[in-house]
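Report on the structure given below.
Only the coordinates and a few stated rules stand behind these numbers; no lab work does. The shown structure was predicted, so the numbers you read here are calculated from the model rather than taken from an experiment.
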Amino acid sequence: MQKIFAGKIDGREIKDGSVVLVKVPSKKLIETNVQILKHYVRDKKYSAVYVTVNKPFSELIEKFKEEKIDTDKIFVIDAVTPRKFINGNSRAENAVFIGSPRELTNISITTTSKIKELKTAKVLIFDSVSTLLVYNEFDSVKDFVRFISNKMKELNVTFAMICIKESVDEKFISQLSSFVDEIIEIE
């Protein structure tokens, strides 16, 4: 098992356009996401769409800047921050505020639309699919993940789907594994 994400599985580079499930302990969630962004945004110069259902945009951007990751190359889809806290404006310079992790349709439409707009190499990071189960039915989350995974493969976008180990059972992992090319387990 890997200690941190380094863009490789068993010494092999993750292929562009791959869909990867990253199982991570909750205590390493932010560290893992930062490592993924460093690899793709800082080192490979990709543009990223980062969907968050765990931390608000403001906290994430602060952390990314602290880690010297070019935030101009990251577009955040924030499904955490309630719309009432953003003064009725659902957009910021490099973010869209969905308002709730229950808004799976809005998340998928916004994600697909933004990915298509990006002109450079792209990566989608979803933090985290396991959190969606708190707000949505199992089958809805499964259908959502299937749709996004298929769409990213169609668009040849690398998709890192984060899953908090302690939050899911093996049935969920088994269902997700049919949509992914690789599974990385972080210790």
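Computing Rg and the Kirkwood Rh from the Cα coordinates of the chain gives a ratio, Rg/Rh, of 0.92. Across the alpha-carbon atoms of region 94-152, the computed radius of gyration and Dmax are 11.7, 35 angstrom.
A full extension of the chain between residue 153 and residue 170 corresponds to an added length of 3.7 nm, given 0.36 nm per residue minus the alpha carbon distance.
So for the chain: antiparallel DSSP bridges make up what percent, rounded to the nearest 5? Roughly 10 percent of the beta bridges in the chain run antiparallel, per DSSP. Straight Cα distances below 20 angstrom link residue 151 to the lysines 15, 114, 116, 119, 122, 142, with same-chain residues fewer than 8 positions distant left out. Compared with the direct C-alpha span, the chain from residue 135 to residue 178 gains 13.2 nm at full extension, assuming 0.36 nm per residue.
Against the globular-protein guess of 2.2 N^0.38 Å, express the Cα radius of gyration of region 115-187 as a ratio, rounded to two decimals. Could you put the intermediate results ahead of the total?
Details: Rg = 12.6 Å, N = 73, 2.2 N^0.38 = 11.2 Å.
Relative to the 2.2 N^0.38 Å estimate, region 115-187 comes out at 1.12.
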